[in-house]
Amino acid sequence: MFENTNAFSGFAVKDVGQARSFYGETLGVAVSGQDGLMWLHFPGGTKVLIYPKPDHTPANCTILNFPVPDIEAAVDELGRRGVTFERYPGMEADEKGIFRGGGPLIAWFTDPSGNILSVLQED
């Protein structure tokens, strides 16, 4: 039934203007939008919808992952752009905020609405 559809994901933010600045300028993702909605555009045609929700409550899990070939370089660059990395109990991160305790190397951060994102080392 859906084998030929271009499905997409989406998530809410408190303020689309703040999201546009963060995703477009801080993270460097291609963005577009109209009618109060915003789209993130990724290579290969993948799109993610961002929509406003004034009473938004962030999810308590990662909603968007950014695979990178060099997590050290990505974390350093994000830090220079003002991104702060999250630390979670039981998942002790190193001094840069990278969790090295199993699975791919990963570092979590949030967008201005508190949504949890990550950069993770590609295999």
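If the segment from Cys61 to Arg100 were pulled out straight at 0.36 nm per residue, it would be longer than the present Cα-Cα gap by 12.2 nm.
The Cα trace of segment 42-91 gives Rg and Dmax of 14.2, 36 Å, the first to one decimal, the second as a whole number. On the beta carbon distance between Arg80 and Tyr51, with R0 = 25 Å, the FRET formula returns roughly 0.25.
Rolling a 1.4 angstrom probe over the protein heavy atoms, how many square angstrom per residue are accessible across the chain? Walk me through the intermediate numbers first.
Values: 7350 Å² over 123 residues.
Normalised by residue count, the accessible surface of the chain is 60 Å².
Applying 1/(1 + (r/R0)^6) with R0 = 30 Å to the Cβ-Cβ distance of Ser21 and Glu122 gives a FRET efficiency near 0.65. Under 5 Å between amide hydrogens, which residues at least 5 positions from Leu105 or on another chain qualify, with H placed 1.01 Å from N in the peptide plane? For Leu105, the qualifying residues are Gln121. Where both bridge residues fall in the chain, DSSP classifies roughly 60% of the beta bridges as antiparallel.
For Trp39, nonlocal amide neighbours, meaning residues 5 or more places apart or on other chains whose placed amide H falls under 5 Å from its own, are Ser32, Gly33, Ile50.
Just the protein heavy atoms count here, and of the accessible area of segment 21-123 at 1.4 Å, carbon and sulfur take up 53 percent.
The values are calculated or read from the model by the stated rules, or taken from the named source; none is laboratory data. Predicted model only: the values in this text are computed from it and were never measured. Every residue, glycine among them, receives a Cβ derived from its backbone with ideal geometry; neighbour counts consider all protein chains shown. Only protein heavy atoms, including side chains, enter the accessible area calculation; ligands, DNA and RNA are left aside. Shrake-Rupley method; radii C 1.70, N 1.55, O 1.52, S 1.80 Å.
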